[in-house]
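The structure under discussion appears below in the form of structure tokens.
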Amino acid sequence: MNKEFKRTLITTALPYTNGPVHIGHLAGVYIPADIYARYLRLAGRPVIMIGGSDEHGVPITLKAKAEGVTPQDIVDRYHAIIKKSFEELGISFDIYSRTTSGIHHETASEFFRHLYEKGEFEEKTTEQLYDPEAKQFLADRYVTGECPICHNPNAYGDQCEKCGTSLNATDLINPRSAISGAVPELRPTHHWYLPLNKWEPTLREWILNGHKEWKSNVYGQCKSWLDLGLQPRAVSRDLSWGVPVPVEGAEGKVLYVWFDAPIGYISNTKELLPDSWETWWKDPETRIINFIGKDNIVFHCIVFPSMLMAYGDNFQLPDNVPANEFLNLEGDKISTSRNWAVWLNEYLIDFPGKQDVLRYVLTANAPETKDNDFTWRDFQARNNNELAAILGNFVNRVVVLTHKYFDGKVPAEGKLLDIDREAYNEMQVLKTSLTENLENFHFREALKDAMGFARLGNKYLQECEPWKVFKIEPKRVETVLNVCAQICASIAIATEPFMPFAATKLAKIFSIADMQWDMLATKPVAAGTALGQPELLFEKIDDETIKKQTDRLEEIKKQNALKAYKPEPVKAEIGIPEFEKLDIRIGTVLSCERVPKADKLLKFSIDDGTGTPRTIVSGIAQHYQPEQLTGKQVCFIANLAPAKIRGVVSQGMILSALNSDGSLRVISPADKATNGAQVK
């Protein structure tokens, strides 16, 4: 921190309400923000965390059109799902509102009018893409085409999701309408533009000289934009869904979603604190932190700050914008359109009571400096080998031993030995590192520090061996279990920002009424405290549970391959005489076996109706087990010249179809046919 602030305002990127939130959203934005907010609350520092749904924009209208419902139907449905899911995961928003609220429409309209009346906009008539079939102008995501940078054939008119480049619809190569599929035309239309170039010198000084402590991905992307030179950016669109442009002559035009959405941070704060919201936005003693994903960096570091500076009235700029990179799923990019995601609302159903496990895994594997990968096997391993075996095991042993030896009451601390003092010293070291990492948004490292208390506890307990010492020196065991109780208290406090549900259970067991950061690495558990009964904080997750999830993804992968499948181009034409040269026949597989030392080959013995079995070698061993084909009728080319394959003379070729997922399926007659019958 460059200075001490009286209070902190945390904002989180507003999720589009065209679907539920997934683990990529959680790892990139919401869990890091919640960790930081919870830490500040424990530290006794004034903080509010503002969230809400982004309910305007083209993705929502596209979803509504596809389902045959209204955009309001879509946003109502998903806003409810998202809000409930966040609550169940323990994301501790002080308010979670929406951009279709009356207060937001009022705030966004006032913001635009204020800039309009100050003369902060440029008005331009430019040529933009128009769908002649749908008879409407095409805003951003109504246009798809080839990215001019990476040549992804399915880039959107505002951004290429493959390379992350921010685009204009007119930048796309071979654009097409997402509404009708028609080739769009350029037609003139009138819009309002925010001249980002006017604020470029101030932005350059504020970011490049004033915030070199920002994450390298944020700082680097801002520098790249500034070095290229900023241009005016349109803040209105030709659409019917959104906040109407509040000036005369703007019929059929709404505020651009990236002008409208960040104002939602302000309107949601006004909704929460109608009488004191300005303190959180305009007082220099307030620190504003924007938690976002890397695809939102330019809007939060360039566009929104320019809007705030243009408005004036002492609006404060963010002090930090800790954006994460992307989280992938099982080696593939998370994609809403391909359903390649782990959806939060579905996770909460499939894994009841395991909110903390997801929070832990997504933090331990957070894409803080580079893209990272979520796998179900890693999820299982971290739960079983870390949460259950390290943290849960230590706490359970302490509670069980205290009940066994001291009727469940924390014994008094006796004489401290060097090993006891070393444990307390190590807790102080962990607290210092944990605090520093949290202050600097290094949440992965902070989680390691928090888990360090549990690792320390296990090591201490194992070295002290109270189960052995009690027989000869019960007084020593009193001290050991007192120290262990204090370590458990520190685990509760240290893990609360990361795993609030487990921390709450732990605090209840050890009767810690009001957890505070100052209590960390101290002795908050009084002698004589009656402990709750032993309970498992984390249960192991079995292989069958994980297999259900991986099987689901495999099925989605197959479905996506089928949707994306395009047949190979038809080969050059041939005449009937050429076709008739092929003698395709029906035969029954008498036996089938693998060819030794050949992973792909199967050897068939086929009844072809001649009375002498025919041998055919086929490269389909990776698609069938031999027993699956025995007794099956197949189509084969009977007049193919014999060929020796791995020492076996093959007398033909079995016909197979290559599926969209790369699998081969043997061609068989729909009805039983006579062996040796020709295929005509």
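Some observations on this one:
- Count Lys and Arg as plus one, Asp and Glu as minus one, and take only other residues whose Cβ is under 9 Å from that of Asp608; the net charge is then +1.
- Per residue convex hull volume, Cα atoms of region 409-508, in Å³: 92
- Only helices enter the 222 nm calculation for the chain: every DSSP H run of n ≥ 4 contributes -39,500 (n - 2.57), and dividing by all residues gives -12000 deg cm²/dmol, rounded to 500.
- Cα lying deepest toward the dipole's positive end in the chain, options Ser276, Ile487, Gly119, charges on Cβ: Ile487
- Rg to Rh, two decimals, where the chain supplies the alpha carbon set and Rh follows Kirkwood: 1.09
- Net charge in the neighbourhood of Glu413 (other residues with Cβ under 13 Å of its Cβ; Lys, Arg +1, Asp, Glu -1) is +3.
- Proximal charge balance of Gly647 [Cβ under 12 Å; K/R count +1, D/E count -1]: +4
- Coordinate range of the alpha-carbon atoms in region 470-522 per principal axis, descending: 41, 20, 17 Å.
- DSSP beta bridges fully contained in the chain are about 75 percent antiparallel.
- For region 1-72, the set of trypsin sites (Lys or Arg not before Pro) satisfying both a DSSP loop assignment and a count of at most 14 other C-beta atoms within 10 Å is given as Lys3, Lys6.
- Contact order relative to length of region 147-253, as percent, for alpha carbon pairs under 8 angstrom and 6 or more apart: 18
- Between the C-alpha center of region 70-91 and that of region 356-395 there is a gap of 26 Å.
- Evaluated over the Cα positions of region 353-472, the convex hull gives a direction-averaged projected area, one quarter of its surface, of 9.5 nm².
- The packing ranking of peptides 559-568, 274-283, highest mean first, is 274-283, 559-568, where packing means the average number of other beta carbon atoms within 10 angstrom of each residue.
- For region 542-659, alpha-carbon Rg relative to the globular expectation (2.2 N^0.38 Å, N residues): 1.37
- Heavy atoms of the protein chains alone define the surface here; on that basis region 549-671 has 65 Å² accessible area per residue at 1.4 Å probe size.
- Built amide H within the under 5 Å cut-off of Thr8, gap 5+: Val47, Ile48, Arg287
- Zero-based 5 Å bins, Cα pair distances in region 275-433, whole percents: 1, 6, 9, 11, 12, 11, 11, 12, 10, 8, 5, 2, 1, 0
- In region 571-680, the GluC sites (Glu not before Pro) that fall in loop regions by DSSP, at most 12 other Cβ within 10 Å: Glu573
- Which of Val410, Ser166, Tyr78, positive extreme of dipole for the chain (C-beta unit charges): Val410
- Radius, Kirkwood style, for region 275-355 when every pair of distinct Cα atoms is counted (Å): 15.9
- In this structure, the residue pairs whose Cα-Cα separation is over 20 Å, taken from Lys83/Lys253; Lys354/Lys459; Lys644/Lys680; Lys415/Lys471; Lys600/Lys644; Lys65/Lys558, are Lys83/Lys253; Lys354/Lys459; Lys644/Lys680; Lys65/Lys558.
- Length, then width, then depth: along the principal axes, the Cα atoms of region 525-605 run 98, 35, 23 Å.
- Nearest-20 debye value, region 360-484 charge dipole, Cβ charges on Lys, Arg, Asp, Glu: 540
- Equivalent ellipsoid dimensions for region 184-288 as semi-axes, Å, which come from the Cα gyration tensor, largest first: 29, 24, 11
- For region 523-578 versus region 579-610, the inter-centroid distance based on Cα atoms is 37 Å.
- At most 15 other Cβ within 10 Å, DSSP loop - GluC sites (Glu not before Pro), region 103-169: Glu133
- Computed label-point distance, nm, for sites Thr125 and Val429 using a 7 Å Cα→Cβ extension: 7.3
The values are calculated or read from the model by the stated rules, or taken from the named source; none is laboratory data. The shown structure was predicted, so the numbers you read here are calculated from the model rather than taken from an experiment. Backbone-built Cβ (ideal geometry, glycine too); neighbour counts: all protein chains shown. In case anyone asks, the SASA skips ligands and DNA or RNA and just uses the protein heavy atoms, side chains included. Shrake-Rupley method; radii C 1.70, N 1.55, O 1.52, S 1.80 Å.
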